[in-house]
Structures are given as structure tokens and as C-alpha cells.
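Every number in this text was worked out from the coordinates using simple rules, so none of it is lab data. In this text, all values refer to a predicted model and were calculated from it rather than measured experimentally. In this analysis, Cβ positions are derived from the backbone assuming ideal geometry, glycine residues included, and neighbour counts consider all displayed protein chains.
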Amino acid sequence: AQKVTQAQTEISVVEKEDVTLDCVYETRDTTYYLFWYKQPPSGELVFLIRRNSFDEQNEISGRYSWNFQKSTSSFNFTITASQVVDSAVYFCALSEVVRYGNKLVFGAGTILRVKS
Amino acid sequence: ETGVTQTPRHLVMGMTNKKSLKCEQHLGHNAMYWYKQSAKKPLELMFVYNFKEQTENNSVPSRFSPECPNSSHLFLHLHTLQPEDSALYLCASSQIQGAGTEAFFGQGTRLTVV
């Protein structure tokens, strides 16, 4: 069965600090997709990134970067020079194909608090 | 218009009430989903609809009844709920092209059952 583990329940940092959110996954599929979503206090989940299992290149988007390591089944997310607006719950997810749809299996989420 | 819109944003209902949650997507996607987010469990998929056909039901109790009249609208009909059903109900949509397409979520309906 698919499983995603986010061991960090809550992280607090001071503005401008770098912070890394950990994600470890389990799957028996050889082809799979991983996602990160951000959930601000307003409630909606905001898509941040998608990574497929064949692409192990790290990706950087502004202050965000992602480190995908298949050998350790990890897909970690780093925010550089954190800002108060980064405060949110961050979810890592693994996609599983179901009949005519995609099911996202989510981790428990990591609450990030950035203090000024 | 935002991509996925849910109404109402907040709902308080008694255990004997019947209510419905509404979701509308303006993205032209062909699949829509209901997810449940409660305090004690990770986000979990409840239902998947594709072209009005329900293709997934994750052992959801029958007091939750989905309806998908067309590819843009999704409802969740609620009746005789229990206090433990209090949660954030999130609607999502995606364009199905294998497993890699991201889902877009609405802001959710915060449901409280009293």
C-alpha cells in the first residue's frame, strides 16, 4: 500500500532562516508521482510541485527547492530565507492511479510557523 | 472566478439534519473528488467522479451521498451525521492523464455536527 510519512509535526523558525521539511514515502510502483501542497489558514491546498519517479534532478523555484532521492525514498522540501507568509501546513503526497482517477495519498502534514 | 469553488464555507448541522455541500470547478477538468480532513487523520479520499461516473468509494458510510450531475459540479449530500464527521471537506478537480496530473482544491467547507 502507498504510504507517506512526514515525521515533523510542527516546525518553528525565525524569519530569514532556512527550513527543510522531510517526506518519506513507500510504494511498490515503479512509476509514481510525488507532490507538495501548501495549506494556508484559508484552507485550500495550493499545489507547489510534482515530481515523477524517473526524474531525480533537484528543482529550485525561487526560495523553494526540492531534493528527491529514490535511494532513500525521500522527497524533501527546503524553503530558503523563510518569510512570515510561508507559515502554513505543508503536505507531501503520493499519487496512485484508481479507476478513471488519481488518488492522492497524503502525509500527516507539517505545520510551519515563521516568526518575525 | 477561482478554479474550484465550494459552498458553504462553514456549516453547523444537527445530527438529524440534511444538508448538501456544493463544489464547482471552472478548469475544464474531467475528474472531481471529495476529500475529508479531520483533526485526527491525514487527508483522505472519499469519492472520485469521472464523467459523472463514480469510480471510487473509500468505504465511506452511506450517510454521505455524492452526486455529480455534470463534469463541472459535485455535491455531497449529508444526512444523520455523527459528531465525529465534523471536519474540513475539500473538493478537488484534475485532468486525468495518467497518475501525474496535479489536483486543484477548493477552500473547503468546515462542517461541525452538533
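Test B:M46 against the stated conditions and say whether it is surrounded by fewer than 21 Cβ atoms within 10 Å (Cβ to Cβ) and either in a loop (DSSP other than H, G, I, E, B) or within 11 Å of chain A (Cβ to nearest Cβ) (or both). In short, yes. Just to be sure, is A:S53 surrounded by 14 or more Cβ atoms within 10 Å (Cβ to Cβ) and away from chain B (no Cβ under 14 Å)? It is false that A:S53 is surrounded by 14 or more Cβ atoms within 10 Å (Cβ to Cβ) and away from chain B (no Cβ under 14 Å). Figure legend. Inter-residue proximity from the range B:1-24: first residues polar (S, T, N, Q), second residues not in a strand (DSSP E or B), beta-carbon distance below 7 Å, spacing 6+ or different chains. Indicated pairs: B:T5/B:G106; B:Q6/B:G106; B:Q6/B:Q107; B:Q6/B:G108; B:T16/B:T80. Among the residues of the range B:78-114, those identified as within 10 Å of another protein chain (Cβ to nearest Cβ) and either aliphatic (A, V, I, L, M) or in contact with an Asp or Glu (Cβ under 7 Å, 6 or more places away or on another chain) (or both) are B:L88, B:L90, B:A92, B:S94, B:I96, B:A99, B:A103, B:F105, B:G106, B:Q107, B:G108.
Every residue, every condition in (1) surrounded by 16 or more Cβ atoms within 10 Å (Cβ to Cβ); (2) closer than 18 Å to B:K36 by Cβ; (3) hydrophobic (A, V, I, L, M, F, W, C), yes or no:
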{"residue": "B:S71", "(1), (2), (3)": "yes, no, no"}
{"residue": "B:Q82", "(1), (2), (3)": "no, yes, no"}
{"residue": "B:A92", "(1), (2), (3)": "yes, yes, yes"}
{"residue": "B:Q95", "(1), (2), (3)": "no, no, no"}
{"residue": "B:G100", "(1), (2), (3)": "yes, no, no"}
{"residue": "B:F104", "(1), (2), (3)": "yes, yes, yes"}
{"residue": "B:V113", "(1), (2), (3)": "yes, yes, yes"}
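Restricting attention to the range A:92-116, which residues are among the hydrophobic types (A, V, I, L, M, F, W, C) and within 7 Å of another protein chain (Cβ to nearest Cβ)? Selection gives A:V97, A:V98, A:L104, A:F106, A:A108.
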